[in-house]
Amino acid sequence: MKRAIIVSSLALFLIPIGIAVWRAVGAIDSRSRNRCDSVAYIPDGIFNQQIDSPATLREYYSAMQEAPFSCLDSSTEAYRFLIIPSSDSPASIRVWREGNRSFIAIKQLTQTGIPKYGGKDLKVNETRPLADDQWNHLKELFNTASFWTLRPEDDAPVGLDGALLLLEGHQRNNYRVIARWSDNDKALMDVTGYFFDLARLQWKR
């Protein structure tokens with residue numbers, strides 16, 4: 001009987017502490033999310049042409065529930081491919097590595113154009129592990145394409161028919177983004193094509 005009273009007393013003492021800790025962790029996580037909410041997805045001054053306005057890109061990324069790469073931990077290596085086609089629904093494919101494990105997140109909106117209903121516009125929202133050989137092959141393709149030394153944009157004009165292609169990389173404290181309109185560079189096409197292969201998206205290429 002005495003033991004039961006002690007256990008009950010401990011439970012009554014520990015439960016409030018647990019609730020307080022849970023609330024504190026939640027508050028920290030909330031503050032972290034709020035800090036990321038105010039961060040630009042693409043830093044100012046990278047693109048010279050009017051590839052797409054930062055506000056518009058933010059609408060796509062927000063609807064896909066994607067965070068800015070600047071919010072990533074410095075130990076996280078990540079790559080993201082955003083495609084905004086003129087005749088199909090936009091999609092984001094992100095791969096990243098934490099420790100010795102790799103993952104892929106696939107997001108696709110329901111229709112063409114700027115999303116109107118945020119996360120409700122998502123028709124694909126999938127995350128799954130990525131095999132080591134897939135991760136290694138993707139990195140090889142990025143290296144072959146000289147991604148980290150490419151110009152942020154080329155001189156090709158933006159057209160009415162085609163697709164805006166955005167590639168981002170985050171490696172330690174390094175960040176790079178390039179934008180192309182329906183790119184014809186074979187090495188970059190190999191990169192974006194492999195993103196599609198990994199994601200297994202049904203999309204008109």
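The values are calculated or read from the model by the stated rules, or taken from the named source; none is laboratory data. Only a predicted model underlies this, so the values are computations on that prediction, with no experimental measurement involved. Cβ atoms come from the backbone with ideal geometry, glycine included; neighbour counts cover every protein chain shown.
General observations
- Residue match in the range 131-149 (condition: basic (Lys, Arg), more than 14 Å from the chain's Cα centre (by Cα) and closer than 24 Å to SER75 by Cα): yes
- Within the range 100-119, residues that are at negative phi and of a type outside the set (Ser, Thr, Tyr) have Cβ atoms under 6 Å from residues that are surrounded by 15 or more Cβ atoms within 10 Å (Cβ to Cβ) and modelled with pLDDT under 75 in these pairs: LEU109/PRO115, counting only partners at least 6 apart in sequence or on another chain.
- Any strands (runs of 3 or more DSSP E) falling wholly within the range 52-109 and containing at least 2 residues that are more than 23 Å from MET189 (Cβ to Cβ): 91-98, 101-109
- Selection from the range 180-205 of residues that are at pLDDT below 90 and small (Gly, Ala, Ser): SER182
- Residue count for the range 110-146 satisfying the condition of being modelled with pLDDT of 95 or more and assigned to a helix (DSSP H, G or I): 13.
- Candidates in the range 61-88 are the residues that are among the hydroxyl-bearing types (Ser, Thr, Tyr) and within 23 Å of LEU130 (Cβ to Cβ); of these, the one that is modelled with the highest pLDDT is TYR79.
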